[in-house]
Amino acid sequence: MKRPRILRILFHLFGLGTLTTAVVTQILMLEAIRQHGIFIAKEPNITVCIIELAATILGAAYLIYLFATTIRKLAQGHRNPQPSS
């Protein structure tokens, strides 16, 4: 039973790390646009492009997972409301 928990923790760590990186990158890009009026990025290294693409796919999968589990929990709570004391 330990292995699925470890995998779940790693999934959350990588997912949250990817989302955090995306937010920081977006802030840096918007700051460059604010300062210079334009943002141009080129990546000639194909390995870096593949890693960035994999990170983007992981981040999207993690967001879909978060949305699905949140909606599922909300729907279950709505169908089975807890009695108030």
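Between LEU63, LEU30, the distinction of being surrounded by 10 or more Cβ atoms within 10 Å (Cβ to Cβ), within 14 Å of the chain's Cα centre (by Cα) and at pLDDT 85 or above belongs to LEU63 only. Residue count for the range 14-53, restricted to those that are closer than 21 Å to LEU66 by Cβ and touching a Phe, Trp or Tyr at 6+ places or on another chain (Cβ under 9 Å): 5.
Each row is one residue, and each column tells you yes or no for (1) surrounded by fewer than 12 Cβ atoms within 10 Å (Cβ to Cβ); (2) assigned to a helix (DSSP H, G or I); (3) at pLDDT below 85; (4) more than 19 Å from the chain's Cα centre (by Cα).
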{"residue": "GLY15", "(1), (2), (3), (4)": "no, yes, no, no"}
{"residue": "THR18", "(1), (2), (3), (4)": "no, yes, no, no"}
{"residue": "THR21", "(1), (2), (3), (4)": "no, yes, no, no"}
{"residue": "GLN35", "(1), (2), (3), (4)": "yes, yes, no, yes"}
{"residue": "CYS49", "(1), (2), (3), (4)": "yes, yes, no, no"}
{"residue": "ALA55", "(1), (2), (3), (4)": "no, yes, no, no"}
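The values are calculated or read from the model by the stated rules, or taken from the named source; none is laboratory data. These figures come from a predicted structure and were not determined experimentally. Note that we place each Cβ from the backbone using ideal geometry, even for glycine, and neighbour counts take in every protein chain shown.
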